[in-house]
Each structure stands twice: as C-alpha cells, then as structure tokens.
Amino acid sequence: MNSSVESGLAFILYLPLFSIIGALYWIFPRQPRNAARRLADALVLIVAGALSLDAVHWGFAHATRAGGRIWPQILATLIGYGVFAALVCIAVAIRARVLRGRAR
C-alpha cells in the first residue's frame, strides 16, 4: 500500500475525535459571538487540522518498522492528535484571555 494512503488512513482514524473537539471549541463559550470571533475560531480549526495532517504524514514517514507494520500508523495518529489537541488548548487559553480583557 502507498505510504500516503496509509498516512491518510491514520488521519481518518482520529477524524471523529477531531470533529468532537473542534465542535466543542467552536460552541463554547456561547457569548460573545461576533464575526471576528467566528473568523478566528475557523482559522484556529483550519490551521490545527492542516498542521495535524502534516504531523501525521511526518510521523508515518519517520516511524521505524521495528514494531511491525502497524507501528507507523499508531505513531502517526498519536502525533497528529497531539498537535491538534495542543493547538486547540493554546487557542482556548488565548481566547479566554482576550475575552476576559474585553469584558473589563
């Protein structure tokens, strides 16, 4: 099987979890919700998804095959999830600070 197909399958494995985390990030907090916040949230999710996909490809390409054929997919999905979760967590902290600053 082609390595880009295998790494794509590794990304698809966590796509439902990315969707749930992305939806929670998008929905909460409910207020204030304006055009600037929607744009910023969309950019965060797009960048997190793109960097996560790049991380999956990188992890798949750099994994050793010593653990068998499944190991590259495991490593790739873990790295991709870590990148996505880290970026969304950083964005949550920044958004909270910005929203608190505007509330003052």
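The values are calculated or read from the model by the stated rules, or taken from the named source; none is laboratory data. Quantities reported herein were computed from a predicted structural model and do not represent experimental measurements. Calculation scope for accessible area: heavy atoms of the full protein, side chains included, ligands and nucleic acids excluded. Shrake-Rupley method; radii C 1.70, N 1.55, O 1.52, S 1.80 Å.
Converting phi to 3J(HN,Hα) with the Karplus coefficients 6.51, -1.76 and 1.60 and the offset θ = phi - 60°, segment 69-79 yields 6, 7, 4, x, 5, 5, 4, 4, 5, 5, 5 Hz in sequence order, with x at every glycine or proline.
Hey, what did segment 21-104 get for relative contact order, percent, Cα under 8 Å, at least 6 apart?
On the way: 55 pairs, mean separation 24.2, N = 84.
Taking the mean separation of contacting Cα pairs over the length of segment 21-104, I get 29 percent.
The portion of the accessible surface of the chain made up by carbon and sulfur, rounded to a whole percent, is 71 (1.4 Å probe; DNA, RNA and ligands excluded).
How many Å² of accessible area per residue for segment 12-104, probe 1.4 Å?
Numbers: 6040 Å² over 93 residues.
Per residue, segment 12-104 has 65 Å² of solvent-accessible surface.
To one decimal place, what Kirkwood hydrodynamic radius in Å is obtained for segment 43-90 from all pairs of distinct Cα atoms?
Numbers: mean 1/r = 0.0930 Å⁻¹.
Across segment 43-90, the inverse of the average 1/r is 10.8 Å.
Equivalent-ellipsoid semi-axes (√(5λ), Cα gyration tensor) for the chain, whole Å, largest first?
On the way: eigenvalues 220, 27, 19 Å².
Square roots of five times the eigenvalues give 33, 12, 10 Å.
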